[in-house]
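Input: a single structure, listed below in structure tokens.
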Amino acid sequence: MLLTVAAVAVALAALAGCGGPDHLEGKVVAVDDTGKGDRPLGGGWVAVFEDDALLGFLSGAGIDVPSTGDLPYVGGRVLHDDVTSAGGSLASIAADGTFALTATGRHTVCRLVEAPQVDVLKGCAVVDLPAKGRLRLSVGEAGLRATLDD
């Protein structure tokens with residue numbers, strides 16, 4: 001009995017040393033093509049959808065489904081319930097533009113900006129999310145773009 005308790009204690013200690021779940025760190029930035037440099041965009045949320053959930057989200061929010069080329073520019077008024085009802089998840093964006101995601105695989109990420117009583121959808125991008133790494137969401141004349149940093 002004592003040997004079993006000791007073995008369980010060792011196993012639990014080993015698991016505790018492994019740390020928390022993997023996550024992808026991200027940052028939202030405004031891209032400036034005038035040479036002034038990029039700046040962080042804080043506040044709001046990153047909505048994350050599996051590919052088949054995006055259409056349900058857009059139609060549930062009353063937003064016309066854009067062509068693939070127009071996805072970075074898609075916009076409209078949405079509610080948090082629109083995201084979760086479609087099977088999506090939300091990650092808050094800190095004041096310095098940072099956020100964290102635990103989703104992996106092919107997903108669509110969208111930027112939501114706070115507005116009174118609703119949020120405003122400000123573009124989406126399709127990206128293959130790794131378990132760890134850095135995701136950069138850039139906002140500029142090209143709409144919302146997602147890039148992974150190695």
* Please list, or write none, the lysines whose alpha carbon is within less than 17 Å of the alpha carbon of K27, excluding same-chain residues fewer than 8 places away. => K122, K132
* Asked: Whose amide H sits under 5 Å from the amide H of A30, counting only residues 5 or more places off or on another chain, with H placed in the peptide plane?
  -> R39, L41, V139
* Asked: When DSSP assigns beta bridges and you keep just the ones with both residues in the chain, what percent turn out antiparallel, to the nearest 5?
  -> 85
* How high is the relative contact order of region 23-149, in percent, with contacts defined as C-alpha pairs under 8 Å that are six or more residues apart? -> 36
* Among (1) 1.40; (2) 1.00; (3) 1.28, which is the computed Cα Rg over 2.2 N^0.38 Å? -> (3)
* To do: Rounded to the nearest 10 degrees, what's the angle between the helix 2-16 long axis and the longest principal axis of the chain, both from Cα atoms, 0 to 90?
  => 20
* Structure fact -> Spelling it out for G133: with amide H atoms placed in the peptide plane at 1.01 Å from N, the residues 5 or more places away or on another chain with amide H under 5 Å from its amide H are E25
* **Mean ellipticity per residue at 222 nm, deg cm²/dmol - from DSSP H runs of n ≥ 4 across the chain, formula -39500 (n - 2.57)** => -6000 deg cm²/dmol
* Structure fact -> The distance between the Cα centres of region 24-49 and region 71-149, in whole Å, is 10
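Each reported figure results from applying straightforward, stated rules to the coordinates on display, with no laboratory input. These numbers were taken from a predicted model, which means no experiment stands behind them.
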